[in-house]
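Below is one structure, written out as structure tokens, with a few remarks after it.
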Amino acid sequence: MILQARNITKWFGEADNKTYAIKDVSLELNYGEMLYIVGPSGSGKTTLLSVMSGILRPNEGTVTIKDKEIWQLNDDALTEFRLYSIGFVFQDFHLFGKLTSKENVAIPLILQKQEWDYSLAEATKALEIVGLQNRVDLSPSKLSIGEQQRVAIARALITKPDLLIFDEPTASLDGETGKKIISFIRNTVLNDKRAIIVVTHDNRIYDYATRIIRMEDGKIVKETGALSEN
Amino acid sequence: MDALLQISLKLLVNDRGKFFTLIIGITFAVFLMMQMTSMFSGVMYRTAATIYNIGAKVWVMDPSIHIQSDNIPMPNYILDAVRSIKGVKYAAPLYSGSGLVKLSDGTYQATNIIGLDDPTLFGRPTITKGNIYSIYDDNAYIIIKDAEYHKLNNPKIGATFEVNDNRGVIVGIGKALVSGLFGTPTLYTTFSRAISDLPTTRFTISYILLEPKTLNDISNIKKEVKALGYIALTEKEFVDKNKNYYLYQTGLGTNVLIMTLISFIVGLSIAGQTFYTFVLENLEEFGALKAIGAKKSELIKMIFFQSTVVGFLGYGFGILLSSILIALAKLRLPEYAALVTYENLGISFFMVLVIILFSSYLGIRKVTQIDPFDIFRG
């Protein structure tokens, strides 16, 4: 098991304004799994994802990743833990428009205090893995949305993290490109030494999950296994 | 260079529009600050021209004197008293006043007249034509060839004129270390001729120029002179007294200060606002970096580095631009009163540091406030 979340509760506001985003949620994630968290807007998917990835501190509950209870770590240690153990792909990618694809991808290694030349060489390799070997010196603004998505994936993969977090990976893509990307993630990115959590609204890609949990009103209301083997 | 700083530099430089706006803004501010402070330094330097040109180590004067051109004569016994002070190597009187020269075409020209101690000629100018000892000839005057020289019709050796209805003859041409500010030509003669040709009060010594035996003697000399009811100032103290008068008593300093502050505020506004916009445009990306694993200290380092780069570049270009302009102006106007001093460079540098800190603060404040959760929340 790579991740275990126990009795997670998160609320915003205090007293009369207190609003529960997630209530007493527990889940486990194993290596080789591609877990989807689905549900309507406001159901608590993003909050749960943020709590599990060490970005948003829960009010109650614990999150253990690779046997480390992450919310026991201080801010700097937690930041470092994220840098070495978790890869993030954001909904809007958040690539620096004034840097080349290669430089964007190299950033996590640079944050790990790696040398400039080494980081760029590794970034080039990561871009080759996602099929963008001819786009390494282009800025993200000169790439298609699908290509930008791949750059963001390369950036998440470059540190070889055990856990990958995808936030609405197909939200900006058309159906066909979305399927290609998610298929790529499932078939190329996912392996036995890694787990992936995907938050999505897009029911066209549900087939690619190994497990799906459905959230409503801050609670897991349904959990299903693999819908298909892709 | 640290790889993180390289990324930071690329983010800055590749955003060419903002990068150049930032540099131009700071360059412009530094240029204006340098122009203002250099002009002020140049003007102040010129107002103290006689002090520099005479070159005495210690000046004795009436305590009421504010600037060198004030003329409050002292009685002759003060000279004797000063000469008898322990630690005084020698002391000489100096006449400093103004005369009215009638030119050959019948026009008049106001002129500075310096009367040098007859036996020693202490404070004499460097002679470029003629002989300093010709100053003892009848009606002899030495003229300083500076920007105002032409106002006496470019006189040559042997040229005659009238000064306060007395005959004058040019016996030498000299040069001054520093030209005066007020646009009047300068004539040197002996102390005795100066007080005979020019109207004087009962007392005639404008200043006593003094050479101490050692620099350590100066404090004792000051004490003794004070006991006589006068003051003794070193050259630097006299220059500062002169400067402080213009700075605090005439409004000149206030105006220069206001203009310098306006230049600073212009630079601060342009740099601060542009840098803030630059950070705002990349805010979500910085937030994403935070989520990925960038520590707060690393983001601060990136932003501070960016503002330092534009600050120092702007400072360099600003200094270069103002130096070039002053040099060009001096080619056309040799007496252009602007002087780049280490003090001016230091003031501008300090102000650029404030601009850097302010701009960094705006950016850092924004970046440190962003919550990575907001990046997920969209």
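I'd like the full set of residues that are among the basic types (K, R) and either crowded, with 21+ Cβ neighbours inside 10 Å or touching a helix residue (DSSP H, G or I) at 6+ places or on another chain (Cβ under 9 Å) (or both), limited to the range B:52-103. Quick ask: steps written out before the conclusion?
To start, the set of residues in the range B:52-103 that are among the basic types (K, R) comprises B:57, B:83, B:86, B:89, B:102.
Residues satisfying the conditions are B:K57, B:K86, B:K89.
Is it the case that the range B:289-308 has a residue that's within 32 Å of the chain's Cα centre (by Cα), part of a helix (DSSP H, G or I) and at negative phi? Before you say what the answer is, go through the steps one by one.
Residues of the range B:289-308 within 32 Å of the chain's Cα centre (by Cα): B:307-308.
Pick out the ones that are also part of a helix (DSSP H, G or I) and you get B:307-308.
Cutting the leftovers down to at negative phi gives us B:307-308.
Yes, the range B:289-308 contains a residue that is within 32 Å of the chain's Cα centre (by Cα), part of a helix (DSSP H, G or I) and at negative phi.
Looking only at residues that are of a type in the set (D, E) and in a helix (DSSP H, G or I) in the range A:120-150, which one is nearest to the other protein chains (Cβ to nearest Cβ)? Show your work before the answer.
Restricting attention to the range A:120-150, the residues satisfying the condition of being of a type in the set (D, E) are A:122, A:128, A:137, A:147.
Next cut, in a helix (DSSP H, G or I) only: A:122, A:128, A:147.
Numbers: A:E122: 12, A:E128: 21, A:E147: 18 Å.
Only one residue fits best here, namely A:E122.
Can you tell me which residues in the range B:2-49 are of a type in the set (V, I, T) and either touching a Cys at 6+ places or on another chain (Cβ under 6 Å) or crowded, with 19+ Cβ neighbours inside 10 Å (or both)? Working first, answer last.
Step one: of the range B:2-49, the residues of a type in the set (V, I, T) are B:7, B:13, B:21, B:23-24, B:26-27, B:30, B:37, B:43, B:47.
Within the range B:2-49, B:I7, B:T21, B:I23, B:I26, B:T27, B:V30, B:T37, B:T47 meet the criteria.
Return the residues of the range B:93-121 that are in a strand (DSSP E or B), more than 26 Å from the chain's Cα centre (by Cα) and not hydrophobic (A, V, I, L, M, F, W, C); say none if nothing qualifies.
First, the residues of the range B:93-121 that are in a strand (DSSP E or B): B:93-102, B:108-116.
Keeping just the survivors that are more than 26 Å from the chain's Cα centre (by Cα) gives B:93, B:99-102, B:108-109, B:115-116.
Correct list: B:P93, B:G99, B:K102, B:Y108, B:Q109, B:G115.
With the requirement that a residue be in a helix (DSSP H, G or I) and touching a residue at least 24 places away in the same chain (Cβ under 8 Å), what does the range B:1-23 give you?
Selection gives B:L4, B:L5, B:I7, B:S8, B:L9, B:L11, B:L12, B:K18, B:F19, B:T21, B:L22, B:I23.
How about the range B:211-236: which of its residues are closer than 18 Å to B:I67 by Cα and either touching a residue at least 24 places away in the same chain (Cβ under 8 Å) or surrounded by 12 or more Cβ atoms within 10 Å (Cβ to Cβ) (or both)? Outline the logic, then answer.
First, the residues of the range B:211-236 that are closer than 18 Å to B:I67 by Cα: B:230-236.
B:Y230, B:I231, B:A232, B:L233, B:T234, B:E235, listed by residue number.
Residues checked against (1) closer than 27 Å to B:P334 by Cβ; (2) surrounded by fewer than 18 Cβ atoms within 10 Å (Cβ to Cβ); (3) at pLDDT below 90:
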residue: B:L177; (1), (2), (3): yes, yes, yes
residue: B:T201; (1), (2), (3): no, yes, yes
residue: B:F238; (1), (2), (3): yes, no, no
residue: B:K243; (1), (2), (3): yes, no, yes
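Those residues that are small (G, A, S) and within 22 Å of B:M44 (Cβ to Cβ), I need them from the range B:321-378; list them, please.
Just the residues of the range B:321-378 that are small (G, A, S), to begin with: B:322-323, B:327, B:329, B:337-338, B:346, B:348, B:359-360, B:363, B:378.
B:S322, B:S323, B:A327, B:A329, B:A337, B:A338, B:G346, B:S348, listed by residue number.
Quick check on B:A337: is it under 30 Å from the mean Cα position of the chain (by Cα), buried (at least 18 other Cβ atoms within 10 Å of the Cβ) and farther than 27 Å from B:T21 by Cα?
Details: under 30 Å from the mean Cα position of the chain (by Cα): yes; buried (at least 18 other Cβ atoms within 10 Å of the Cβ): yes; farther than 27 Å from B:T21 by Cα: yes.
Yes; evaluated as a whole, the condition is true for this residue.
Please state which one of B:L257, B:L268 is assigned to a helix (DSSP H, G or I), out of contact with any helix residue (DSSP H, G or I) (no Cβ under 6 Å at 6 or more places or on another chain), away from chain A (no Cβ under 14 Å) and at pLDDT below 85.
Criteria check complete, one pass: B:L257.
Which residue pairs have Cβ atoms under 6 Å apart, sit 6 or more places apart or on different chains, and have a first residue in the range B:315-334 that is surrounded by fewer than 16 Cβ atoms within 10 Å (Cβ to Cβ) and a second that is at pLDDT below 95 and among the aromatic types (F, W, Y)?
Once the first residue is surrounded by fewer than 16 Cβ atoms within 10 Å (Cβ to Cβ) and sits in the range B:315-334, its partners that are at pLDDT below 95 and among the aromatic types (F, W, Y) give B:A329/B:Y336; B:K330/B:Y336.
Just give me the residues in the range A:28-74 being among the aromatic types (F, W, Y) and either assigned to a helix (DSSP H, G or I) or buried (at least 21 other Cβ atoms within 10 Å of the Cβ) (or both), in sequence order. Break it down stepwise before answering.
Start the filter on the range A:28-74 by keeping residues that are among the aromatic types (F, W, Y), which leaves A:31, A:36, A:71.
Passing the criteria: A:Y36, A:W71.
Specify the residue that is surrounded by the fewest Cβ atoms within 10 Å (Cβ to Cβ); the eligible residues are those in the range A:75-84 that are closer than 22 Å to A:E115 by Cα and among the acidic types (D, E).
My answer is A:D76.
Where in the range B:164-234 are the strands (runs of 3 or more DSSP E), entirely inside, with at least 1 residues that are of a type in the set (F, W, Y)? If you could, list the steps in order and put the result at the bottom.
Numbers: elements: B:166-175, B:186-190, B:207-212, B:231-234.
Here the list reads B:186-190, B:207-212.
In the range B:73-92, what count of residues is obtained for those that are in contact (Cβ under 8 Å) with a residue 24 or more places away in the chain and not in a strand (DSSP E or B)?
So the count comes out to 10.
Among the residues of the range B:138-155, which ones are over 31 Å from the mean Cα position of the chain (by Cα) and exposed (fewer than 14 other Cβ atoms within 10 Å of the Cβ)?
Of everything in the range B:138-155, just one residue is over 31 Å from the mean Cα position of the chain (by Cα) and exposed (fewer than 14 other Cβ atoms within 10 Å of the Cβ), namely B:D138.
Among the residues of the range A:161-176, is there at least one that is on the phi > 0 side of the Ramachandran plot, in a loop (DSSP other than H, G, I, E, B), among the acidic types (D, E) and in contact (Cβ under 8 Å) with a residue 12 or more places away in the chain? Walk me through how you get there before you give the answer.
As a first pass, look at the range A:161-176 and keep what is on the phi > 0 side of the Ramachandran plot: A:168.
Filter once more, so that each one left must be in a loop (DSSP other than H, G, I, E, B): A:168.
Filter again for among the acidic types (D, E), leaving A:168.
Within this subset, residues satisfying the condition of being in contact (Cβ under 8 Å) with a residue 12 or more places away in the chain are A:168.
Yes, because at least one residue in the range A:161-176 is on the phi > 0 side of the Ramachandran plot, in a loop (DSSP other than H, G, I, E, B), among the acidic types (D, E) and in contact (Cβ under 8 Å) with a residue 12 or more places away in the chain.
Among the residues of the range B:35-49, is there at least one that is touching a residue at least 12 places away in the same chain (Cβ under 8 Å) and assigned to a loop (DSSP other than H, G, I, E, B)? Can you show your working first?
Filtering the range B:35-49 for residues touching a residue at least 12 places away in the same chain (Cβ under 8 Å) gives B:35-49.
Then drop every residue that is not assigned to a loop (DSSP other than H, G, I, E, B), which leaves B:48.
Yes, that holds for at least one residue.
Only residues in the range A:37-55 that are in contact (Cβ under 8 Å) with a residue 12 or more places away in the chain and within 11 Å of chain B (Cβ to nearest Cβ) count as the first member; pair them with residues that are surrounded by fewer than 24 Cβ atoms within 10 Å (Cβ to Cβ) and among the aromatic types (F, W, Y), Cβ under 8 angstrom, at least 6 apart or cross-chain, and list the lot.
Pairs found: A:G54/A:W71; A:G54/A:F81; A:I55/B:F373.
Taking the range B:219-249 as the region of interest, how many residues are under 27 Å from the mean Cα position of the chain (by Cα) and among the β-branched types (V, I, T)?
Going through the range B:219-249 one residue at a time, the tally reaches 3.
A:E28 - would you say it is out of contact with any Cys (no Cβ under 6 Å at 6 or more places or on another chain) and modelled with pLDDT of 90 or more? I'd like the intermediate steps shown before the answer.
Numbers: out of contact with any Cys (no Cβ under 6 Å at 6 or more places or on another chain): yes; modelled with pLDDT of 90 or more: yes.
Taking the combined requirement at face value, the residue satisfies it.
Between A:S119, A:S85, which is over 18 Å from the mean Cα position of the chain (by Cα) and among the small types (G, A, S)? Before the answer, list the steps.
Numbers: A:S85 fails: over 18 Å from the mean Cα position of the chain (by Cα).
The match here is A:S119.
Please go through the range A:85-119 and pick out each residue that is more than 7 Å from every other protein chain (Cβ to nearest Cβ), without any contact (Cβ under 8 Å) to a residue 60 or more places away in the chain, surrounded by 24 or more Cβ atoms within 10 Å (Cβ to Cβ) and not β-branched (V, I, T).
Hits for the range A:85-119 are A:S101, A:N104, A:A106.
So which residues in the range B:358-378 are part of a helix (DSSP H, G or I) and either free of Cβ contacts under 8 Å to residues at least 40 places away in the same chain or within 14 Å of another protein chain (Cβ to nearest Cβ) (or both)?
Applying the first criterion (part of a helix (DSSP H, G or I)) to the range B:358-378 yields B:358-369, B:372-377.
Across the range B:358-378, the qualifying residues are B:Y361, B:R365, B:V367, B:T368, B:Q369, B:P372, B:F373, B:D374, B:I375, B:F376, B:R377.
The values are calculated or read from the model by the stated rules, or taken from the named source; none is laboratory data. This structure is a prediction, so every number in the text was calculated from the model and none was measured. Because the Cβ atoms are built from the backbone with ideal geometry, glycine has one as well, and the counts that use them run over all protein chains shown.
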